[in-house]
Structure formats: C-alpha cells, structure tokens
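The next block holds one structure in the form of structure tokens; read it before the comments.
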C-alpha cells in the first residue's frame with residue numbers, strides 16, 4: 001500500500017462564532033453567518049486543495065470526554081460547505097466561550113508520526129460487514145488504551161466516485177479496539193466512545209483504481225489520563241466471533 005498523503009492545517013483568518021449546537025439545527029444559521037467566506041472558498045476550491053479547521057468551545061459544565069463527538073459536528077458542516085476540492089477537515093474541542101473556524105488552502109504535511117500508534121486497513125465498502133473487517137484489521141495492530149483525552153488522525157484514500165465525507169462515521173464507529181465501548185447493558189456493536197477524541201483530523205486523496213474500496217491509515221494517541229467508565233475493546237473477527 002503506497003504512502004498516504006496528509007495535509008497541514010489551513011492557512012487563513014479565523015472566524016469566531018458563539019457556541020456551536022449539538023444538533024443539526026445550528027448548521028443553517030451558521031452557514032448564513034459565514035456565507036462571504038464560504039463563497040471565496042468555493043472559488044478557491046476549483047483550483048487548489050482546501051482545508052477546514054473548527055475549534056469547538058464547550059461550556060465549563062460539560063464533560064469534555066463524554067458526548068459531543070467531533071465527527072458528528074464536522075460531518076454536517078463539510079456536507080453543507082459543498083467544497084469540491086476539500087482535502088482536509090479537522091476539529092478540536094475544549095472548554096471555552098467562543099468557537100472558531102478557518103477555511104483556506106492546505107499544503108502537504110511533512111510531520112512525522114511521533115508518539116502515535118498507527119495501523120492501516122481497507123474497507124471493501126461502508127457496510128456493516130466491511131466495518132467489522134476493518135475494525136478487526138485495526139485491532140491486530142493497535143493495542144487498547146485506557147480512558148483519557150485522545151487524538152485521532154485518519155488519512156482516507158477513496159476511488160474517484162466515492163464521497164469521502166460519508167465514510168467518516170462508519171470508519172470511526174469501526175474503531176472499537178482503539179476507542180472502546182462502555183460495558184453497559186444495551187450497548188451496540190459500534191457504540192464507540194468517540195467523545196474522548198478531543199482532536200480529530202481527516203485527510204483525503206483519490207486513487208482511481210480503488211472503486212468502492214476505502215484505504216485508511218489510522219493514527220491514535222492518548223494525551224492524558226482520567227478516571228472513566230469500564231470499557232470493552234472486543235471486536236468481531238471476519239468469521240463473526242469476538243476477538
């Protein structure tokens with residue numbers, strides 16, 4: 001599998017906003033607020049790769065590691081932006097009063113994966129079976145980590161016709177062996193603890209030979225420790241039994 005392309009955060013001015021909502025109802029008024037910036041970005045996106053970074057501010061009363069998963073905030077934004085050459089999307093979350101957004105050109109990052117645990121895998125598509133197969137591949141390469149704030153970085157390679165944004169949620173949900181799942185009644189197979197991810201970066205490149213398949217390079221690191229719930233890291237093997 002060839003090396004994956006990763007991008008550095010976008011260059012440009014930061015747009016400040018009030019706290020972003022936890023449901024999709026906030027997207028429309030937010031889009032109206034940033035309309036002039038987005039119009040410029042769409043023009044740029046016709047001839048250069050663009051990136052988006054969102055800094056999410058949470059109220060002091062909110063648990064930083066439970067709920068408010070970054071992938072759930074970034075996905076509707078990226079879909080609404082409709083940037084044809086969107087190659088990088090990232091988000092961070094911290095306690096604070098003001099959210100920030102930056103949209104701008106991105107260049108290839110030459111950063112090394114210091115202190116990251118890494119793994120590579122392939123999804124034949126984004127079906128439940130493919131999620132299980134991908135999760136099992138990652139489980140054989142990255143050991144479980146204890147509870148605490150984490151950084152997650154996914155370099156995603158798709159075919160020409162696949163919308164890479166709609167792969168984010170299935171891919172993150174597949175990472176049971178990395179993020180864990182609470183040991184509680186009623187928890188489903190892909191109910192991962194993605195709220196513990198306080199920094200999420202997603203990179204995209206196209207390989208016309210892939211068709212429906214998705215190649216992924218996963219990087220993960222624990223950046224702190226905290227008391228938290230008991231977690232289950234068991235994943236189903238391709239044969240269907242836990243591993």
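The values are calculated or read from the model by the stated rules, or taken from the named source; none is laboratory data. Every value quoted in this text rests on a predicted model; they were computed, and no experiment measured them. Counting neighbours? That spans all protein chains shown, and the Cβs are built from the backbone with ideal geometry, glycine included.
Out of everything in the range 19-36 that is part of a loop (DSSP other than H, G, I, E, B) and at pLDDT below 75, what residue ends up being surrounded by the most Cβ atoms within 10 Å (Cβ to Cβ)? Once the filter is applied, the top-ranked residue is 20. Return the residue satisfying two criteria in turn: it lies in the range 79-101 and is farther than 18 Å from residue 31 by Cα and surrounded by fewer than 20 Cβ atoms within 10 Å (Cβ to Cβ), and of such residues it is farthest from the chain's Cα centre (by Cα). Only one residue fits best here, namely 97.
For every residue, the table says whether it meets (1) surrounded by fewer than 19 Cβ atoms within 10 Å (Cβ to Cβ); (2) in contact with a helix residue (DSSP H, G or I) (Cβ under 8 Å, 6 or more places away or on another chain); (3) under 25 Å from residue 174 (Cβ atoms).
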site	(1), (2), (3)
103	no, yes, no
109	yes, no, yes
115	yes, no, yes
122	yes, yes, yes
129	yes, no, yes
132	no, no, yes
139	no, yes, yes
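Each residue in the range 150-164 was checked for being surrounded by fewer than 18 Cβ atoms within 10 Å (Cβ to Cβ) and under 15 Å from the mean Cα position of the chain (by Cα), and 2 pass.
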